[in-house]
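The values are calculated or read from the model by the stated rules, or taken from the named source; none is laboratory data. Predicted model only: the values in this text are computed from it and were never measured. FYI the Cβ positions are ideal-geometry reconstructions off the backbone, even for glycines, and counts take in every protein chain you see. Accessible surface is based on the protein model in full, side chains and every heavy atom, while ligands, DNA and RNA are left aside. Shrake-Rupley method; radii C 1.70, N 1.55, O 1.52, S 1.80 Å.
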Amino acid sequence: SGIWLGVEWDNPQRGKHDGTYEGTQYFKCRHPKGGSFIRPNKANFGVDFLTAVKNRYGLNDEQDVQHGTENTLVFGKKTVEFVGMDSIAEQQRQVRLNQLVDISVRECAVSRAGQEEEISRTCTNIRHINLSKNLISSWETVAAIASQIQNLETLNISENKMKFPSTPSSVSGVFSKLRILALNQTEITWAEVLLCAPGWPVLEELYLTSNNITVLERPENVLQTLKLLDLSDNQLLDGDQLHRVAHLPRLEQLILRNTGISSIHFPDAGFGCKTKMFPSLKHLAINGNKISQWSSINELEKLPSLRSLQCHSNPVMDTEKNPETLRQLIIAKIGGLEVLNRSEILPDERKGAELDYRKIFGNDWLAAGGNCNPEKNKPSEEFLAAHPRYLLLCLKYGAPEEGELKRQQPSTLKNQLLTLTIKCPENPEQKPVEKKLPESMTIQRVKGLLYRLLKIPGSELKLSYESSKLEGREVELDNDLKPLQFYSIENGDCVLVRW
């Protein structure tokens, strides 16, 4: 008996049914056990925006009373009444509200804008608002709040279950200065994004994570100012979906973590050419996906502006057991890369990676028709597809010589490790370090390792070693391309580091 509310919980584990009671369906749920009935007095229908701001920042009437802003004060046994104290307190509140620039009312049960023009009268300096995890149920409510804030630049309305316009948005000028917008976990579709986008004429960053977006469409005359797009935790599944957003002219950062992508392909460009897609893209995050083939990594070399890549937690990363070898392969395959998995690629590391790549795949190159004689150097299409930069590396460093390739055979790659002591004779504060290094490791790679170990630029390092058998004799390690075994270094020897 009486009035009941039918609710569907965000967490379906809290529910009991699908909105059906004794054979009658009163409301529908997406989850068969996501619904409950509750009494109206158990529900929180929220507050208006300004009330939430005052509550969060201690500027409401009740808190002023608690802190002693009543109309009377007691001196000894006399009570003195102050005329006009209410208006003074109100003026102080107005001043403090006008000073707020960055406001967060996350999880404050905001459900409506409030009285018209009330926000614009009291909060004239707001530029950044966090409205995430509230009770906002429609895009119109967001627009009603934003319409009263003239200089709004950043808006986070994530984790609100909202209805968005199903026809082109009629809101104009409300978001004219908005640069950053977060719509994570709002259940917005890409089609709804495009319907709202004409109202975001200068938007630079758009966050759309965890919205069950599976299909993209090409933005026509919208989102053209976008520099960052985050589509993480949406199951796009098909890498070709990326082609729909590939022509955003200013897009510099694309975040695609955990989107189910299994391949990347830019069909408009052949081997050694640059794609016209993503012309400004500098930073790409594809970690946590299902990319299993090196061909997708090869494709990234076609991006003309790519400088930073995050790609860990993909099946292709499991094809190499040694993380250092894996890193070298990616560096060698993508020539313009400067940062890989948030670690800077120094010039010495790139040089070492490219030299090693050139040698490791040298025998494959010869078997595919490669030749040191430029006139006879015609490797197969299959080889070029697997190693698009190989010919460029040969031009850069010269074709690998027969002696180099012999040293790269599997039997010699698995040679014994040398146990060496690393010392800095001119820096006594640096304690000696013991390291195990393969004797096939080049001096170039040793310098790269010591850079990471000692935080010294590899180009400035000068290496030599002292033999444990010939005390007092120091041999300079002067050729970066030679391996440790070239200098007859043995277990127990000491490598000296100077800069």
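A few points about this structure:
- In this structure, S210 qualifies as open to solvent by 10 Å² or more (accessible area, probe 1.4 Å), on the phi > 0 side of the Ramachandran plot and either of a type in the set (S, T, Y) or in the same structural domain as A385 (by the TED database) (or both).
- Every test in (1) of a type in the set (S, T, Y); (2) crowded, with 18+ Cβ neighbours inside 10 Å; (3) in contact with a helix residue (DSSP H, G or I) (Cβ under 8 Å, 6 or more places away or on another chain) is passed by S172 save one, and that test is (2).
- Scanning segment 312-331 for residues that are closer than 21 Å to H247 by Cα, over 21 Å from the mean Cα position of the chain (by Cα) and among the charged types (D, E, K, R) turns up nothing.
- Complete set of residues in segment 143-163 that are under 22 Å from T225 (Cα atoms) and either open to solvent by 20 Å² or more (accessible area, probe 1.4 Å) or among the β-branched types (V, I, T) (or both): S147, I149, Q150, N151, E153, T154, N156, I157
- Helices (runs of 4 or more DSSP H) fully within segment 296-399 counting 2 or more residues that are assigned by the TED database to the domain that holds P249, of a type in the set (A, V, I, L, M) and in contact with a strand residue (DSSP E or B) (Cβ under 7 Å, 6 or more places away or on another chain): 323-333
- Members of segment 256-295 that are in contact (Cβ under 8 Å) with a residue 60 or more places away in the chain and either in contact with a Phe, Trp or Tyr (Cβ under 9 Å, 6 or more places away or on another chain) or not in a loop (DSSP other than H, G, I, E, B) (or both): W294, S295
- Across segment 1-13, the number of residues qualifying as over 33 Å from the mean Cα position of the chain (by Cα) and closer than 17 Å to A43 by Cα comes to 6.
- Within segment 48-60, being open to solvent by 70 Å² or more (accessible area, probe 1.4 Å) and closer than 24 Å to T186 by Cα holds for one residue alone: R56.
- Of all residues in segment 31-47, those that are at pLDDT 95 or above, open to solvent by 30 Å² or more (accessible area, probe 1.4 Å) and in contact with a helix residue (DSSP H, G or I) (Cβ under 9 Å, 6 or more places away or on another chain) total 1.
- Picking from residues in segment 20-30 that are under 40 Å from the mean Cα position of the chain (by Cα) and surrounded by 13 or more Cβ atoms within 10 Å (Cβ to Cβ), the one that is modelled with the highest pLDDT is F27.
- Taken together, the residues in segment 216-238 that are closer than 20 Å to K177 by Cβ and in contact with a strand residue (DSSP E or B) (Cβ under 9 Å, 6 or more places away or on another chain) amount to 5.
- Considering (1) open to solvent by less than 20 Å² (accessible area, probe 1.4 Å); (2) more than 25 Å from Y397 (Cβ to Cβ), the lone condition that I331 does not fulfil carries the number (2).
- Criterion: open to solvent by less than 50 Å² (accessible area, probe 1.4 Å), touching a Lys or Arg at 6+ places or on another chain (Cβ under 6 Å), in a loop (DSSP other than H, G, I, E, B) and touching a residue at least 12 places away in the same chain (Cβ under 8 Å) - qualifying residue of L203, L216: L216
- Leading residue by the ranking (nearest to Q485 (Cα to Cα)) among those in segment 417-432 that are buried (at least 16 other Cβ atoms within 10 Å of the Cβ) and out of contact with any Pro (no Cβ under 7 Å at 6 or more places or on another chain): L418
- Residue that is surrounded by the fewest Cβ atoms within 10 Å (Cβ to Cβ) [pool: residues in segment 219-247 that are over 14 Å from V202 (Cβ atoms) and among the aliphatic types (A, V, I, L, M)]: L237
- Members of segment 260-303 found to be among the acidic types (D, E) and surrounded by fewer than 17 Cβ atoms within 10 Å (Cβ to Cβ), listed by number: D268
- For first residues located in segment 459-475 and over 12 Å from I489 (Cα atoms) and modelled with pLDDT of 85 or more, partners that are part of a strand (DSSP E or B) and open to solvent by 40 Å² or more (accessible area, probe 1.4 Å) and lie 6+ apart or on another chain with Cβ distances below 9 Å form the pairs K462/E476; K462/R498; L463/E476; L463/R498.
- Of everything in segment 400-414 that is part of a loop (DSSP other than H, G, I, E, B) and open to solvent by less than 50 Å² (accessible area, probe 1.4 Å), the residue that is modelled with the highest pLDDT is P400.
- Residue in segment 433-445 that is more than 25 Å from I330 (Cα to Cα), modelled with pLDDT under 75 and open to solvent by 40 Å² or more (accessible area, probe 1.4 Å) present: no
- From the list N134, N151, N160, the lone residue that is outside the structural domain of W9 (by the TED database) and farther than 18 Å from G46 by Cβ is N151.
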